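One structure is given below, encoded as C-alpha cells.
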Amino acid sequence: MEWLKGELQIRTPGQGLHAITDKVADLLRNWQVTEGMCYLYLQHTSASLLISENYDPTARKDLEEFLRRLAPEGQAWHQHTLEGADDSPSHMRALLTGTSESIPIDDGELTLGTWQGIYLCEHRRQGHSRTVLVRCLKVR
C-alpha cells in the first residue's frame, strides 16, 4: 500500500455547486491508482464538498435554492457580517453540507453511482480560490 498526497486549487466563479469530479479523477489517473480509497478535505469554512446528482442540471439548481432557503442572507439576527451579508449564511450552509468526502477507487475509477458527481459548494457570492486536499490510499 502507498499513501499519496496532493491538492487541487479550485477557482470558483461565485456562489453555487461547481463540479470537480473530473479534476479528482485526473489526479488519480496521474497517480496511476487502480484500487484504493480517495479522501477529499476542503480547508475552508464558507465552502463545502458534497456528492450529488450530476446528470440533470435542474437537480443542482434545486440544491442551490434549497441551501439559500435554509440559510438566507440578511436576517436581523445575524451578527457575523464582518465580510458582508453572505458571511454568516455561508458558514451555515457549509455546516449543513460538510468539508470531506471518501470515495472508493476500483478498476482505476472513482466508484461513484451512475448519476453521482463531486461538487465544491461555494457559499460566498464572490469567487474564491479554494484548496481541496486529496489523499489516496493506493492498494495497487
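None of the figures in this text is laboratory data; all of them are computed from the coordinates on show. Just so it is clear, the model here is predicted, and its values are computed rather than measured. When we count neighbours, we look across all protein chains shown, and the Cβ atoms used for this are built from the backbone with ideal geometry, even at glycine.
I'd like the full set of residues that are within 30 Å of residue 140 (Cβ to Cβ) and of a type in the set (Asp, Glu), limited to the range 29-65. Please lay out each step first, then the result.
Within the range 29-65, the first condition is being within 30 Å of residue 140 (Cβ to Cβ), and the residues that meet it are 29-43, 49-52, 54.
Within the range 29-65, 35 is the sole residue that qualifies.
Restricting attention to the range 33-57, and to residues there that are more than 13 Å from the chain's Cα centre (by Cα) and hydroxyl-bearing (Ser, Thr, Tyr), which single residue is surrounded by the most Cβ atoms within 10 Å (Cβ to Cβ)?
Residue satisfying both the conditions and the ranking: 34.
Going through 60, 69 one at a time, which residue ends up being outside any strand (DSSP E or B) and buried (at least 19 other Cβ atoms within 10 Å of the Cβ)?
Details: 69 fails: buried (at least 19 other Cβ atoms within 10 Å of the Cβ).
The unique qualifying residue is 60.
What are the residue pairs meeting all of these: first residue in the range 104-124, first residue within 24 Å of residue 58 (Cα to Cα), second residue part of a loop (DSSP other than H, G, I, E, B) and aliphatic (A, V, I, L, M), Cβ atoms under 8 Å, and 6 or more apart or on different chains?
118/20; 118/112; 119/20; 120/20
Considering only the range 10-35, how many residues are on the phi > 0 side of the Ramachandran plot and among the aliphatic types (A, V, I, L, M)?
Here is the first cut: in the range 10-35, the ones on the phi > 0 side of the Ramachandran plot are 14, 16, 32.
Cutting the leftovers down to among the aliphatic types (A, V, I, L, M) gives us none.
Within the range 10-35, residues that are on the phi > 0 side of the Ramachandran plot and among the aliphatic types (A, V, I, L, M) number 0.
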